[in-house]
Amino acid sequence: MQKLQTLKPEEFPAVQKQASEGDAEAEALVCAAYRLGQFVKQDDAEAFGWCHKAAVQGHLGAQENLGVQYMLGLGAQRDAAQAIAWFAKAAAQGSAAAMHNLGAIYANGAGLPQNYGEAMKWYRQAAEKGYAPAQADLGIMFLRGEGVKPDSRKAVQWLRKSAEGKYAYAAFLLGLLYQQGSGVSRNLTESLAWFRNAGELGDARAQNSLGWIYANGIGVPPDYPEAAKWYRLSAQQGDPVGAFGLAVRYLLGQGVGQDYGEAGKWLLAAAQKGHGDAAYNLALLYERHFSGQSGSPDYEKGAKFLEMAAEQDISDAACLLGQHYAAGKGVAKDLVAAYQWVLLASQRGTRDCARELMPLEKLMTAEQIAEAKRRAASWTPRPHPGFNY
């Protein structure tokens with residue numbers, strides 16, 4: 001793929017001709033072109049065919065690619081046995097990436113029984129060849145005690161090697177370990193250094209951590225411009241946590257000028273990816289709950305995002321949603337739904353919401369109240385798996 005990047009468009013037809021004549025290197029380049037959609041329309045099935053031609057001739061890169069395509073089901077049916085077979089061929093030629101992928105298949109039980117012992121074997125081989133992603137995964141195995149006795153010293157040793165090889169995820173993990181004092185002595189200065197290392201390498205999770213550290217003054221004086229900077233870098237990568245963090249800065253005017261338009265833009269970006277807190281604040285923004293907002297409230301849009309937040313067990317959203325159902329504000333009036341959400345909110349810590357129950361009861365039949373209570377009792381929150389609130 002790196003070689004493909006150096007090709008000029010006018011040179012590619014000659015490569016295609018060589019590939020059609022059976023040249024393995026050219027076949028691998030055409031495979032990469034179809035994988036990336038460079039010079040040709042992206043097509044995983046075409047890529048698979050060209051990689052297979054090169055792989056059976058022993059081309060290392062094609063064997064690696066074929067293993068990946070079988071592992072992920074790109075252009076071919078997902079097949080763990082075939083993925084392992086092609087990765088094994090590439091590994092026999094010394095490919096650390098293939099060794100690492102073999103480790104990942106066994107560690108995750110991708111299409112076959114989980115086997116930490118086999119995963120450790122392959123991770124170690126790749127790690128000892130200096131392959132940074134494998135060094136990180138080996139560190140994680142030592143940290144968790146998967147396929148090996150837990151050993152925090154060895155875990156940190158391998159994570160450090162990986163991070164020093166400029167693998168951003170390893171640096172991020174080191175930041176977490178030093179922040180939490182997990183396997184190492186808690187050291188916020190060391191944690192900050194590793195988060196910064198990972199953030200500068202482009203890791204969005206580390207950038208979010210830096211935003212949180214500077215926004216809240218964790219081990220450093222609060223620095224809102226620095227917080228906004230790191231949240232923005234994450235948000236610009238499409239990360240919803242970063243987008244929410246940046247939106248809050250615009251809502252509060254921390255490190256940036258207060259700007260409800262910009263806040264709304266980033267809240268929407270985060271909410272569209274399932275971030276419940278972003279959805280709740282976006283609803284408040286649509287409904288003009290923030291000081292100094294102009295224009296008419298949009299309760300219909302507000303109710304839509306309140307419901308999304310309420311379903312994720314954000315009790316303030318549930319309380320406000322219940323009030324909307326009671327008044328028919330942005331939604332069709334529904335006293336049963338109103339009572340259900342108000343009751344759920346009051347049960348989950350929004351005490352002020354409990355006082356809404358008695359006025360609702362006066363408007364409802366006994367059957368309606370019983371139905372609302374039944375719905376509340378059977379309701380299950382659906383928090384987004386990617387976020388911790």
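So that you can scan it fast, the table gives a plain yes or no per residue for (1) among the aliphatic types (A, V, I, L, M); (2) over 19 Å from the mean Cα position of the chain (by Cα); (3) in the same structural domain as G139 (by TED's automatic domain parsing):
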position	(1), (2), (3)
Y169	no, no, yes
Q180	no, yes, yes
L188	yes, yes, yes
N197	no, yes, yes
Exercise. Can you work out which of the residues in the stretch 33-47 that are buried (at least 21 other Cβ atoms within 10 Å of the Cβ) and not charged (D, E, K, R) is nearest to Q5 (Cα to Cα)?
Key: A33
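Which of the residues spanning the stretch 141-172 are part of a helix (DSSP H, G or I) and over 22 Å from T189 (Cα atoms)?
Our first condition is that a residue be part of a helix (DSSP H, G or I); within the stretch 141-172, this holds for 141-144, 152-164, 168-172.
M141, F142, R144 - these are the residues of the stretch 141-172 that are part of a helix (DSSP H, G or I) and over 22 Å from T189 (Cα atoms).
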Quiz item: Could you list, in sequence order, the residues of the stretch 105-139 that are among the hydrophobic types (A, V, I, L, M, F, W, C) and buried (at least 18 other Cβ atoms within 10 Å of the Cβ)?
Solution: I105, A107, A119, M120, W122, A126, A127, A132, A134, A136, L138
Quiz prompt | Tally of residues being touching a His at 6+ places or on another chain (Cβ under 7 Å) and either surrounded by fewer than 21 Cβ atoms within 10 Å (Cβ to Cβ) or not in a helix (DSSP H, G or I) (or both) across the stretch 243-274 | solution = 1
Exercise. Within the stretch 341-389, track down each residue that is in contact (Cβ under 8 Å) with a residue 24 or more places away in the chain, under 26 Å from D277 (Cβ atoms) and in a loop (DSSP other than H, G, I, E, B).
Key: R348, G349, T350, W379, P381, R382, P383, H384, G386, F387, Y389
Practice problem: Could you please find all residues in the stretch 51-84 being among the aliphatic types (A, V, I, L, M), touching a residue at least 12 places away in the same chain (Cβ under 8 Å) and in a helix (DSSP H, G or I)? | Solution: A54, A55, L60, A62, L66, V68, M71, A80, A81, A83, I84
Quiz item: Which condition does K333 not pass, out of (1) more than 29 Å from D259 (Cα to Cα); (2) at pLDDT 95 or above; (3) not in a loop (DSSP other than H, G, I, E, B), if it passes all the others?
Solution: (3)
Self-check item: Filter result for E27 (at pLDDT 95 or above and either out of contact with any Lys or Arg (no Cβ under 6 Å at 6 or more places or on another chain) or surrounded by fewer than 16 Cβ atoms within 10 Å (Cβ to Cβ) (or both))
Solution: no
Quiz item: Hey, among N281, N208, which residue is crowded, with 18+ Cβ neighbours inside 10 Å, closer than 24 Å to E311 by Cα, among the polar types (S, T, N, Q) and within 25 Å of the chain's Cα centre (by Cα)?
Solution: N281
Quiz item: Going through the stretch 343-389 one residue at a time, which ones are of a type in the set (V, I, T), surrounded by 14 or more Cβ atoms within 10 Å (Cβ to Cβ) and farther than 14 Å from I314 by Cβ?
Solution: I369
Quiz item: What is the one condition in (1) farther than 16 Å from G257 by Cα; (2) of a type outside the set (F, W, Y); (3) in contact with a helix residue (DSSP H, G or I) (Cβ under 9 Å, 6 or more places away or on another chain) that G217 does not satisfy?
Solution: (3)
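The values are calculated or read from the model by the stated rules, or taken from the named source; none is laboratory data. The shown structure was predicted, so the numbers you read here are calculated from the model rather than taken from an experiment. With ideal geometry, Cβ positions are generated from the backbone for all residues, glycine too; neighbour counts draw on all protein chains shown.
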